[in-house]
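Just dropping this structure here.
Coordinate-derived values only; no laboratory data. Quick caveat, the model's predicted, so the values are computed rather than measured. Because the Cβ atoms are built from the backbone with ideal geometry, glycine has one as well, and the counts that use them run over all protein chains shown.
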């Protein structure tokens, strides 16, 4: 069974701090996706990483896919209250095309 | 942008009632999905569909059924609602894994 483990589960920081959240698996994924979910809303796709070792940047957010394609990280520089939300990683379920499995998420709170 | 619309944001139903959750997309995407999201358990796939009149069981299909009579509409049915089906229900669509999922805003269902 493919599993995606995310850490930490909860993170509370002050505005301006940097942080990194992790998504790990014992399985190899062809690609991984990161989503952000705000309270009361559905998740929104942030990025897809495809190649082992790939780094993608989205403003203050930096996403990295591990060389072995089993893990990924999300680094936020100078966090802002607007970054508050649940960050989810997702990978394709090897058993069914187009079917994603999700990690349980990291709940981030950025205090002003 | 693709829009996925869920018919209700909040629902309260009684135990034993038959419940219909509706999801409509405004793009011509074949793939549609129903997830439930619970604290500590993350997103779990209930059912998905790759085409009209086609359905596949996800990880937790028990107590649920689905209907896809038209490409744009994917309905989740709780045959006889129970209190353990109290949850946030999220519908999503996709035109292919690499493009990611677009989620609706969710329906928070309470069964009393």
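Where is the GNM fluctuation largest for chain B (alpha-carbon springs, 10 angstrom cutoff): B:76, B:45, B:11?
Of the options given, B:11 has the highest mean-square fluctuation.
Here's another thing I want to ask about it. Please report Rg (one decimal) and Dmax (integer) in Å for the Cα set of chain B.
13.1, 40
For the protein assembly as shown, evaluate the Debye formula with one uniform point scatterer on each Cα (no solvent term) and list log10 I(q)/I(0) at q = 0.09, 0.16 Å⁻¹, rounded to two decimals.
After summing over all Cα pairs, the log10 values are -0.36, -1.10.
Please build a GNM for chain B, connecting alpha carbons under 10 Å apart, and tell me which residue among B:74, B:48, B:20 fluctuates the most.
Per the Cα network of chain B with a 10 Å cutoff, B:20 tops the list.
Given the options B:80, B:49, B:67, state which has the largest fluctuation in a GNM of chain B using a 10 Å cut-off (strictly under) for Cα springs.
B:80
Quick one: B:46, A:13, fewest Cβ neighbours within 10 Å first, how do they rank?
Ordered from fewest to most neighbouring Cβ atoms within 10 Å, B:46, A:13 come out as A:13, B:46.
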